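Novice: Take this structure first; my questions come after.
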Amino acid sequence: MLGEKKVQWRLRDWGISRQRYWGCPIPIIHCDDCGSVPVPDDQLPVVLPDDCVPDGAGNPLHKRPDFLHCACPKCGKPARRETDTMDTFVDSSWYYARFATPGNDKTMVDERVNYWLPVDQYIGGIEHAILHLLYSRFWTKVMGDLGLVTYREPFKRLLTQGMVLNHLFSRRSDKTGIEWFAPEEVNLLKDEAGRVTGATAVSDGQPVEYGGFGTMSKSKRNGVDPNAMIEQYGADTSRFFMMFTAPPEQTLEWSDAGVEGSYRFLKRVWTFGHVFASQIKPLIPAARKLGSAKLPDELACLRREIHLNLKQANYDLGKQQFNTVASSCMKMLNALEKAPRDSGIAAEVIEECFGILLRVLSPITPHITHTLWAELGYGADILSAAWPEPLEAALVQDEIELVLQVLGKTRGSVKVPANADKGAIEALAVASEVAQKFMEGKPAKKIIVVPGRLVNIVV
Ligand SMILES: [Zn+2]
């Protein structure tokens, strides 16, 4: 072999000093005779004055003789302390390692860091993807080389979250340039299909320009105040809306109707909790049967639907597809609301199923689920409850429903045992009332069975 391909990584020169007084001090003393001398260990840390007031003219540390003037650690002659401080990228490169070793005032980190780090999941905006993440990796390798940590990479997994967008409204005038309007300051004009075609200002009724969706920004006045949202709907609604509306790495278009919808869904969860407490839970028999009971069709169906959605939700959680986890929760609630609730065994099934829904929902809406979990008697704290796993027994289907066609036309359906073979399915299909009616007494010439889907009888 003559040569091979190799990837080479290179960090550009990184000027870490900044001419401002916040940030970490650079522990260097300048002496006319000795040059740049490191501050000796026993004089560390260098502490910045905390009463500096910037006046807009240079680094205020220059005007602080008590900080600036010191003795040279080497020759003892009067010297000057370095007044530049370190770039904030320096701190963001390793703060998480420091978080893992609180209370240690002797060293940068200690052995606890190797237990907690590397970070399992990093979540950040795309703006961090190059500089900060690259510096962090570099810094980690230096700490590794110095024997401070045993790992070589700071983060195991990266999720780059999408931005939140909202409508943009503006008006141009010769006098004031561009004037931006907040979404609540305009009335929308829509076409028949409900698309926004324009808008007028609430204040004067005059047209404003609609600019479509854009990144939320203070200057363009299209941000949403989280506090106002929480005030009106609660934190759970805001969380559910953001999780449900888009996968985390995609952009999210703000929608008041979407927020309303999330609020309605959570109110239904709450209402179901109270129906459960007052009407369903009292039916649960003292001698429970769910473990061994053969369930009536409707209840087996409910239980299967909940466990299927749980299986899907667990899979999606692993892939960080939180939006589909939220929709699985909605499907679970739909099924629960329609479920029969007139017997002890129904009450037991609902108790199990609602308990699953609450736990799957809990990372998205922790407050409402925590309260319901405790109030409905599931346990003291949903956070310490075991995460639900789908039961194979609940997923098994005794009977499946196949589409029934006669001469290629769908005429109805036929129920067959889930383990029925081709011959049994053909017999059941031909014998069914629907088939008999549409075959009009003719014999079946050919029967096509698509397993799990349909039966087509050719006469
Ligand atoms: Zn000196």
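Novice: Label point 7 Å out from Phe99 along Cα-to-Cβ: which residues of the stretch 122-144 have amide N under 14 Å?
Specialist: Residues 122-125 fall inside that zone.
Novice: Same structure, new question: Which FRET efficiency value, to the nearest 0.05, do you get for Arg453 and Ser327 by plugging their Cβ-Cβ distance into 1/(1 + (r/R0)^6) with R0 = 25 Å?
Specialist: Working from the Cβ atoms, E equals 0.55.
Novice: Computed from the mean reciprocal separation of all distinct C-alpha pairs, what Kirkwood hydrodynamic radius does the stretch 89-160 have, in Å? Write down the numbers at each step before the final one.
Specialist: Numbers: mean 1/r = 0.0805 Å⁻¹.
After inverting the pairwise mean of 1/r, the radius is 12.4 Å.
Novice: At a 1.4 Å probe, what is the % contribution of carbon and sulfur to the accessible area of the chain?
Specialist: 55 percent
Novice: If amide hydrogens are placed 1.01 Å from N in the peptide plane, which non-local residues have theirs closer than 5 Å to the one on Thr365?
Specialist: none
Novice: To continue, here is another question. What percentages make up the Cα-Cα pair-distance distribution of the stretch 256-395 when the bins are 5 Å wide from 0?
Specialist: Once binned at 5 Å, the Cα pair distances of the stretch 256-395 give 2, 10, 21, 23, 23, 14, 6, 2, 0, 0.
Novice: I'd like the accessible area for Thr251, computed on protein heavy atoms only with a 1.4 Å probe and all protein chains in place. Round to 10 Å², please.
Specialist: The accessible area comes out at roughly 80 Å².
Novice: On to the next question. Would you mind giving the average projected area, over all directions, of the Cα convex hull of the stretch 17-86 in nm² with one decimal?
Specialist: Working: hull surface 18.5 nm².
Reported value for the Cα convex hull: 4.6 nm².
Novice: Let me check I've understood the local charge: for Cys31, count other residues with C-beta under 12 angstrom from its C-beta, Lys and Arg +1, Asp and Glu -1. What total comes out?
Specialist: Around Cys31, the charge tally is +1.
Novice: Given the rule -39500 (n - 2.57) for each run of at least 4 DSSP H residues, summed and divided by the residues of the chain, what is its mean residue ellipticity at 222 nm, to the nearest 500 deg cm²/dmol?
Specialist: Estimated from H runs of four or more residues: -10500 deg cm²/dmol.
Novice: Continuing with this model, one more query. Run through every distinct alpha carbon pair of the chain and return the Kirkwood hydrodynamic radius in angstroms, one decimal place. Could the numbers behind the result be given before it?
Specialist: Working: mean 1/r = 0.0340 Å⁻¹.
Hydrodynamic radius (Kirkwood, Cα only) of the chain equals 29.4 Å.
Novice: OK, next. List the residues, sorted by chain then number, that are 5 or more residues from Leu189 or on another chain and whose placed amide H is less than 5 Å from its amide H.
Specialist: Thr197, Gly198, Ala199, Thr200
Novice: Averaging sequence separations of C-alpha pairs under 8 Å and six or more residues apart, then dividing by the length of the chain, give the relative contact order as a whole percent.
Specialist: Relative contact order here is 8 percent.
Novice: Also, quick follow-up: Enumerate the whole-percent occupancy of each 5 Å bin, from 0 to the last occupied one, for all C-alpha pair distances of the stretch 369-430.
Specialist: 4, 14, 15, 11, 9, 7, 6, 8, 8, 10, 6, 1
Novice: Give me the distance between the Cα centres of the stretch 108-177 and the stretch 27-98, rounded to whole Å.
Specialist: 28 Å
Novice: Additional query: Please report Rg (one decimal) and Dmax (integer) in Å for the Cα set of the stretch 399-458.
Specialist: Answer for the stretch 399-458, Rg first and Dmax second: 10.1, 29 Å.
Novice: Here's something else I'd like to know. What is the spread of the Cα atoms of the stretch 229-281 along each of their three principal axes, largest first, in whole Å?
Specialist: 42, 23, 16
Novice: Here's another thing I want to ask about it. Defining a contact as two alpha carbons under 8 Å apart and six or more residues distant in sequence, what relative contact order in percent does the stretch 17-86 show?
Specialist: Details: 119 pairs, mean separation 34.4, N = 70.
Result for the stretch 17-86 is 49 percent.
Novice: About the Cα centre, and with charges only on the beta carbon of Lys, Arg (+1) and Asp, Glu (-1), how big is the dipole of the chain? Nearest 20 debye, please. Can you show the working numbers first?
Specialist: Values: 53 positive and 56 negative charges, 292 e Å.
Dipole about the Cα centre, nearest 20: 1400 debye.
Novice: Next up: Considering only the other residues whose Cβ falls under 12 Å of the Cβ of Gly103, what net charge follows from Lys and Arg at +1 and Asp and Glu at -1? Walk me through the intermediate numbers first.
Specialist: Working: positive: Arg98, Lys106, Arg112; negative: Asp105, Asp110.
Neighbour charge sum, excluding Gly103 itself: +1.
Novice: Another question about this same structure. Compute the accessible area per residue over the stretch 399-458, keeping the other protein chains in place, probe 1.4 Å, unit Å².
Specialist: Per residue, the stretch 399-458 has 63 Å² of solvent-accessible surface.
Novice: For Leu252, what residues show an amide H to amide H distance below 5 Å, using hydrogens built from the backbone and excluding near sequence neighbours?
Specialist: Met163, Val164, Leu165
Novice: Separate question: Within the set of other residues whose C-beta is less than 12 Å from the C-beta of Val202, count the net charge using Lys and Arg as +1 and Asp and Glu as -1.
Specialist: Spelling it out: positives minus negatives among the neighbours equals -3.
Novice: Can I ask one more? Name the shape class, rounded, prolate or oblate, that the alpha-carbon gyration tensor gives for the stretch 162-223, where a ≥ b ≥ c are the square roots of its eigenvalues, rounded holds for a/c under 1.5, and otherwise prolate holds if a/b is larger than b/c and oblate otherwise.
Specialist: Details: a/c = 1.94, a/b = 1.03, b/c = 1.88.
Verdict is oblate for the stretch 162-223.
Novice: Hey, what angle do you get for helix 256-275 against the long axis of the chain, alpha-carbon based, 0 to 90 degrees rounded to 10?
Specialist: Taking Cα atoms only, the helix is inclined about 60 degrees.
Novice: Still on this model: What percent do you get for the relative contact order of the stretch 257-362 when only Cα pairs under 8 Å and 6+ apart count?
Specialist: Values: 77 pairs, mean separation 39.4, N = 106.
37 percent.
Novice: Scaled to the compact-protein estimate 2.2 N^0.38 Å, what is the alpha-carbon radius of gyration of the stretch 2-119, rounded to two decimal places?
Specialist: My calculation over the Cα atoms of the stretch 2-119 gives 1.39.
The values are calculated or read from the model by the stated rules, or taken from the named source; none is laboratory data. Please read all numbers here as calculations on a predicted model, not as lab measurements. Heads up, the Cβs are rebuilt from the backbone with ideal geometry, glycines too, and the neighbour counts pull from every protein chain shown. Heavy atoms of the whole protein, side chains included, go into the accessibility calculation; ligands, DNA and RNA do not. Shrake-Rupley method; radii C 1.70, N 1.55, O 1.52, S 1.80 Å.
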